[in-house]
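The values are calculated or read from the model by the stated rules, or taken from the named source; none is laboratory data. Remember, predicted model here, so these are calculated numbers, not experimental data. Cβ sites come from the backbone with ideal geometry, for glycine too, and all protein chains shown count toward neighbours. Heads up: the accessible areas ignore ligands, DNA and RNA and are worked out on the full protein's heavy atoms, side chains in. Shrake-Rupley method; radii C 1.70, N 1.55, O 1.52, S 1.80 Å.
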Amino acid sequence: MATIMSRLNVNIDHIATIRQARRTNEPNPVSAAVICELAGADGITTHLRSDRRHIQDYDLIALKQAVITHLNVEMAATDEMIEIALSVKPDVVTLVPESPQEVTTEGGLDVITHRKAVKNAIARLNDHGIFVSLFIDPDPRQIREASKLGAFQIEICTGNYAQMNETPGDLTVRKTKEIGKEVDRIRGVARTALREGLKVAAGHGLTYRNVGPIARILEIEEYNIGHNIIARAALVGLDRAVREMLEAIRFSRALG
Ligand code: PXP
């Protein structure tokens with residue numbers, strides 16, 4: 001097959017998670033988005049959750065103004081969210097399932113069960129020039145339904161794959177085979193989606209350690225990765241941050 005270029009969208013939600021821990025104004029997700037773009041990210045992804053636990057409505061407006069690459073906003077297919085999307089006009093809306101108690105998105109959206117709401121959301125968003133991606137599990141039935149509903153892209157949920165990789169001490173032959181089967185399943189579904197005329201993205205739980213086999217699936221053109229990048233940023237940036245605070249204190253004391 002012809003080589004499809006890959007794109008990385010960085011999910012910056014956890015920058016807002018840190019800010020919301022103090023209800024202050026830093027760190028600012030817009031600053032984070034700009035740094036990601038300067039580092040070469042192809043796009044910015046963010047999830048406006050119904051409970052507003054991290055990203056706020058005003059962040060979306062600011063991100064829309066600041067992001068010069070590609071803004072992908074994840075949201076539930078509710079009237080409230082669709083109205084917000086229509087006024088902010090991101091490049092893409094990714095429809096995801098949402099439940100109030102979940103720590104993070106727990107799996108793909110069942111677009112068969114929620115066919116009516118998804119169809120309605122796609123029609124409204126498309127009417128305003130917003131492309132719609134559907135976050136779904138690697139299940140061929142979901143892919144075919146996504147295609148019928150008129151999505152332009154699917155994002156394959158890699159949550160299960162990531163979970164399987166979670167216990168590195170337990171990489172037994174059986175488990176390694178199971179992980180291999182899950183990768184094959186994701187690859188198969190990516191091929192089905194491409195044949196159906198859909199673009200293919202993947203995300204959830206991808207890390208520096210587990211991204212390799214998923215990155216080798218050439219049908220996938222977009223990766224949405226958040227937690228692991230922001231977690232690493234906190235640690236690789238900590239040394240410099242401490243040194244800068246020491247300097248600020250010592251400099252002030254030296255001035256007397
Ligand atoms: N894709 C979707 C649809 C998501 O809901 C999330 C989490 O917000 C991600 C990708 C990124 O997942 P992670 O933060 O685990 O990299």
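Just one of the listed residues (S87, S99, S133) is at pLDDT below 95 and closer than 23 Å to L60 by Cα, and it is S99.
Every condition in (1) within 14 Å of the ligand (Cβ to nearest atom); (2) closer than 27 Å to A146 by Cβ holds for A32 except the one numbered (2). Can you pull out every residue in region 81-114 that is in contact (Cβ under 8 Å) with a residue 40 or more places away in the chain, outside any helix (DSSP H, G or I) and closer than 13 Å to H47 by Cα? Across region 81-114, the qualifying residues are P90, V92, V93, T94, L95, V96, E98, T104, T105. Of all residues in region 213-228, those satisfying the criterion of being in a helix (DSSP H, G or I) and either surrounded by fewer than 20 Cβ atoms within 10 Å (Cβ to Cβ) or more than 15 Å from the ligand (Cβ to nearest atom) (or both) are P213, A215, H227, N228.
On the stretch given as region 86-111, residues that are open to solvent by less than 60 Å² (accessible area, probe 1.4 Å) and out of contact with any strand residue (DSSP E or B) (no Cβ under 9 Å at 6 or more places or on another chain) total 3. When we screen Q163, Q153 for residues that are out of contact with any strand residue (DSSP E or B) (no Cβ under 6 Å at 6 or more places or on another chain) and within 15 Å of the ligand (Cβ to nearest atom), the only hit is Q163.
Kindly indicate whether L48 is closer than 22 Å to A202 by Cβ and not small (G, A, S). Spell out the reasoning first.
On the way: closer than 22 Å to A202 by Cβ: yes; not small (G, A, S): yes.
So L48 passes the test.
Given the criteria part of a helix (DSSP H, G or I), among the β-branched types (V, I, T) and modelled with pLDDT of 95 or more, does I122 qualify? Answer is yes for this residue.
For region 174-212, the set of residues classified as within 16 Å of the ligand (Cβ to nearest atom), open to solvent by 20 Å² or more (accessible area, probe 1.4 Å) and assigned to a helix (DSSP H, G or I) consists of V211, G212, listed by residue number.
The residues of region 125-143 that are under 22 Å from the mean Cα position of the chain (by Cα) and touching a residue at least 40 places away in the same chain (Cβ under 8 Å), listed by number, are L125, G129, I130, F131, V132, S133, L134, F135, P138, D139, P140, I143.
May I ask you to list the residues in region 108-138 that are over 15 Å from A77 (Cα atoms) and touching a helix residue (DSSP H, G or I) at 6+ places or on another chain (Cβ under 7 Å)? Step through it out loud before you land on a result.
The initial filter retains those residues of region 108-138 that are over 15 Å from A77 (Cα atoms), namely 127-129, 137-138.
Those that are over 15 Å from A77 (Cα atoms) and touching a helix residue (DSSP H, G or I) at 6+ places or on another chain (Cβ under 7 Å): H128, P138.
Within the bounds of region 143-150, is there any residue that is farther than 25 Å from I82 by Cα and open to solvent by 80 Å² or more (accessible area, probe 1.4 Å)? Checked region 143-150: no residue is farther than 25 Å from I82 by Cα and open to solvent by 80 Å² or more (accessible area, probe 1.4 Å). Quick check on my filter: what residues within region 17-65 are open to solvent by 70 Å² or more (accessible area, probe 1.4 Å) and closer than 29 Å to Q101 by Cβ? Answer for region 17-65, where residues must be open to solvent by 70 Å² or more (accessible area, probe 1.4 Å) and closer than 29 Å to Q101 by Cβ: I18, A21, R22, R23, N25, E26, D51, R53, Y58, I61.
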